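Colleague: Before I ask anything, here is the structure I am working with.
Any read-out appearing in this document is the output of simple, stated calculations on the displayed coordinates, not a laboratory observation. Keep in mind the model is a prediction, meaning the values are calculated, not measured. Here Cβ is always computed from backbone atoms with ideal geometry, including for glycine, and neighbour counts include all displayed protein chains.
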Amino acid sequence: MGKKPLFKNSIKYLSSLLILTITLAVNLHSNAATPTYSNQPTLKQNILPVKHGQLAYYRFGHGSPIVFITGYGATLCEWNNTFLYTLAKSNEIIVFDNRGVGNSIFSTNSYNVRDLSNDTAQLIIKLHLNKPTVLGWSMGGMVAQELAIQHPALVGKLVLMNTKIGGITAIPTAPNVEEKLTDKSGTHEEKFNRIMHILFPVNEVDNMSKDFVANMFKPEGNPEPSVLSSVLQQQKALLNNWQTANEIPHKLRRLTVPTLILSGSEDVIIPPQNAVILADTIPGSRLTIIKNGGHAMMYQYPTMIAEAID
């Protein structure tokens, strides 16, 4: 991946970046359309024994492998179906649930980012994946960074989507957004609406709320995984610890894995300034800001983002 310009961590330089960086031109209406896949295979959930437990995963498609690591409170169903199957045209797709989620059952309830990265490393080794691309979204992007640091020989390429660096240089989530993320009050409909308003820009919420439900990755005949409150608490502790992991930037500066960094210009959960910091830290990395993209921008622009990765 090509050499990128360096940008200092300041509002002045961020503004310049948002103007000058590559912004993928899209037609919002056509890009939101969902292509149909009449030849979608019936997928069977696989169980992989690993240290201290097991990982539940799906594997489909043909070509270079891509391993997907999902985010806070998310199951593998949160991946956008169109996004995955667009990539599956020329890649082998491996999606799995983090430990404690669904059928990814472990004997320990206490873990950190390194533990989750080691889980992913075992998945890569035991499935005999040869230097796959590793794509991490949100919290999954933090796990992907740790994986590339601890096991660089296992990772062919790295895609960091809507995520942030470890340590105090990262831009934190605004308190009002944090409150909405952790607010469990109200009816199911009220909670869903609250989350949609922080996953997407305001002008996209109505359309994306419908699309989010209709276009989740839900293999036919397989139950949607569940996330226990104890898992959410542990993942929250993991995120808090990541904010104090001040050694991460130093380690990332020595990273030689080709890296693509993707961020939405309207992401309020992990503001796009964080993508700037990551791009300025990882040597030779490539940064793309998606105009009007929210935290779950793969639902807004699934085909476009898949093609950018591919």
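Colleague: Return, for the Cα atoms of the stretch 254-310, the radius of gyration and Dmax in Å, separated by a comma.
Modeller: Taking only Cα atoms of the stretch 254-310, I get Rg and Dmax of 11.5, 34 Å.
Colleague: Please compute the length gained on full extension between Ile105 and Glu220, using 0.36 nm multiplied by the number of residues separating them and subtracting their Cα-Cα distance.
Modeller: Extra length available between Ile105 and Glu220 comes to 39.2 nm.
Colleague: Starting from the Cα of Glu190, step 7 Å along the direction of its Cβ; do the same at His250; then give the gap between the two resulting points in nm.
Modeller: 4.8
Colleague: Further question: Find, among the trypsin sites (Lys or Arg not before Pro) in the stretch 34-109, those assigned to loop by DSSP (not H, G, I, E, B) with at most 16 other beta-carbon atoms within 10 angstrom.
Modeller: Within the stretch 34-109, the qualifying trypsin sites (Lys or Arg not before Pro) (loop, at most 16 other Cβ atoms within 10 Å) are Lys44, Lys51, Lys89.
Colleague: Grab the Cα-Cα distance for Asn46 and Ser230, subtract it from 0.36 nm times how many residues apart they are, and report the gain in nm with one decimal.
Modeller: Taking Asn46 through Ser230 to full extension adds about 63.8 nm, to one decimal.
Colleague: Diagonalise the Cα gyration tensor of the stretch 11-309 and give the resulting equivalent ellipsoid semi-axes, square root of 5 times each eigenvalue, largest first, whole Å.
Modeller: Output for the stretch 11-309: semi-axes of 25, 23, 21 Å.
Colleague: Moving to a separate point now. Considering the chain as a Gaussian network with a 10 Å cut-off on Cα pairs, which listed residue, Gln145, Gln300, Gln45, attains the greatest mean-square fluctuation?
Modeller: Gln45
Colleague: Starting from the Cα gyration tensor of the stretch 233-276, take the square roots of the eigenvalues, sort them a ≥ b ≥ c, and report rounded, prolate or oblate (rounded when a/c is under 1.5, otherwise prolate if a/b is larger than b/c, else oblate).
Modeller: Oblate shape, in that a/c is at least 1.5 and b/c is the bigger or equal ratio.
Colleague: Could you list the trypsin sites (Lys or Arg not before Pro) in the stretch 202-310 that lie in coil according to DSSP, counting only those with at most 14 other Cβ atoms within 10 Å of their Cβ?
Modeller: Arg253, Arg254
Colleague: Which FRET efficiency, nearest 0.05, do Lys131 and Asn176 yield, Cβ-Cβ r, R0 45 Å?
Modeller: 0.60
Colleague: Tell me, what is a quarter of the convex hull surface for the C-alpha atoms of the stretch 93-180, in nm² with one decimal?
Modeller: 7.0
Colleague: Springs between alpha-carbon atoms under 10 Å, Gaussian network over the chain: tell me which of Gly63, Gly100, Gly140 tops the mean-square fluctuations.
Modeller: The residue with the greatest mean-square fluctuation here is Gly63.
Colleague: Give, as ranges by residue number, the residues of the stretch 256-279 whose backbone N falls under 16 Å from the point 7 Å along Cα→Cβ of Asp183.
Modeller: 268-269
Colleague: Could you tell me the calculated FRET efficiency between Gln150 and His197, based on Cβ-Cβ distance and R0 = 35 angstrom, to the nearest 0.05?
Modeller: Working from the Cβ atoms, E equals 0.45.
Colleague: Further, regarding this structure: Name the GluC sites (Glu not before Pro) in the stretch 182-267 that are in a loop by DSSP and that have at most 12 other C-beta atoms within 10 Å, would you?
Modeller: Glu220, Glu247
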